1. At 1.4 Å probe size, with the rest of the protein present, what percent of the exposed accessible area of the stretch 2-136 is carbon and sulfur atoms?
2. Hey, what did the chain get for relative contact order, percent, Cα under 8 Å, at least 6 apart?
3. In the chain, what % of DSSP beta bridges are antiparallel (nearest 5)?
4. Solvent-accessible area of Val267, probe 1.4 Å, all protein chains present, reported in Å² to the nearest ten, please.
5. Accessible area per residue, 1.4 Å probe, Å², for the stretch 145-311: what's the number?
6. Of Phe190, Phe39, Phe181, which is the most mobile in a GNM of the chain whose springs link Cα atoms less than 10 angstrom apart?
7. Going by average Cβ neighbours within 10 Å, how do the peptides 166-174, 229-237, 95-103 rank, with the highest at the top?
8. Largest first, how would Cys291, Cys185 line up by accessible area (1.4 Å probe)?
Amino acid sequence: MFLAEWTPETGWQDARVVPYGPLLLDPATAVLHYAQEIFEGLKAYTHADGSVWGFRPEANADRLQRSAHRLALPELPTDWFLGSIASLVAADRAWVPTGEERSLYLRPFMFASEVFLGVRPSQHVTYSVIASPAGAYFKAGLKPVDIWLSETFTRAGAGGTGAAKCGGNYAASLLPQQEAFQHGCEQVAFLDSVENRWVEELGGMNLYFVQSDGSIVTPELSGSILEGITRDSILTLARDLGHEVVERKVSIDEWRDGVASGQITEVFACGTAAVVTPVGRLAWNGGEVDCAKGEIGKVTADLRAALVDIQYGRAEDRHGWLTRLA
Ligand SMILES: *Cc1c(COP(=O)(O)O)cnc(C)c1O
């Protein structure tokens, strides 16, 4: 694991790779009480020649800085972020898997490590990176996931922390996630907290809607939607494949009625962990629609292939998205 520490006096210091193991925390460590914590998620991919590559790690570095700003944590310089990833991958070289859809999942995170119960930004901060070999995210494979529409809970509010990748957002999504399981769904769709009308995203993935005319729509960034790097990459790849792509508000009625009328032909979710996953059923209290009928749609499949082919070095990296790590 990678570790580094920050204090206002020293700035970032003490960068080191040490054996993976427990952190010893004083019970009054600030993060345990006030949740001043942020994280990132990215993968390292082995190419056919044995080299190991990261996908847009600078974008993760940027986002970690934006998350840090929102949570009043110190920003980690981009070269420190990239150095932390490269040094851990070098140390864990033998753990980077090869083969179809396999990768080394990297989890950078930063938290308030000051021993202090007063409410103010922590004056001691710890940054760490851990890693784990990973296979496909959903055990079921590319079967469409069923989505529960949460009409009781929201994930993030206007002016809140929705655009920051912080643990607190996930804590708030766990109860609605349980509600989804109880209704036979794997994931939750959240609406905006003001009008309870506009589709935001899932608990950890952004959403796309494919229209019958071939154009593709994704909810515009509202300040409470997490700016996914996969979401951003799909914007570019879909245009490369000749689709018109529009970022705009999408209402829950447009989703429900669009699937029912055939105006929406495919829905998919995207994020680093699950890449691109077809969405099947949308269920809510009193009804459901299903646009996938158990299968992955053609546009979804093509976009997924375009993305993973770049990540695994099987297609030309036309946008300069890959960084060699080892
Ligand atoms: C991380 C995350 C995503 C996906 O972001 P990627 O950069 O594509 O992995 C989407 N929504 C939420 C809430 C997230 O935390």
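1. Whole-percent figure for carbon plus sulfur exposure: 58.
2. Working: 682 pairs, mean separation 63.8, N = 326.
Rounded, it is 20 percent for the chain.
3. So the antiparallel bridges amount to about 85 percent of the total.
4. Ignoring ligands and nucleic acids, Val267 comes out at about 0 Å².
5. Numbers: 6300 Å² over 167 residues.
For the stretch 145-311, the per-residue accessible area is 38 Å².
6. Phe181
7. Going from most to least packed, we get 229-237, 166-174, 95-103.
8. The residues order as Cys291, Cys185, largest area first.
The values are calculated or read from the model by the stated rules, or taken from the named source; none is laboratory data. Note that this is a predicted model, so its numbers are computed, not measured. Here Cβ is always computed from backbone atoms with ideal geometry, including for glycine, and neighbour counts include all displayed protein chains. Accessible surface is based on the protein model in full, side chains and every heavy atom, while ligands, DNA and RNA are left aside. Shrake-Rupley method; radii C 1.70, N 1.55, O 1.52, S 1.80 Å.
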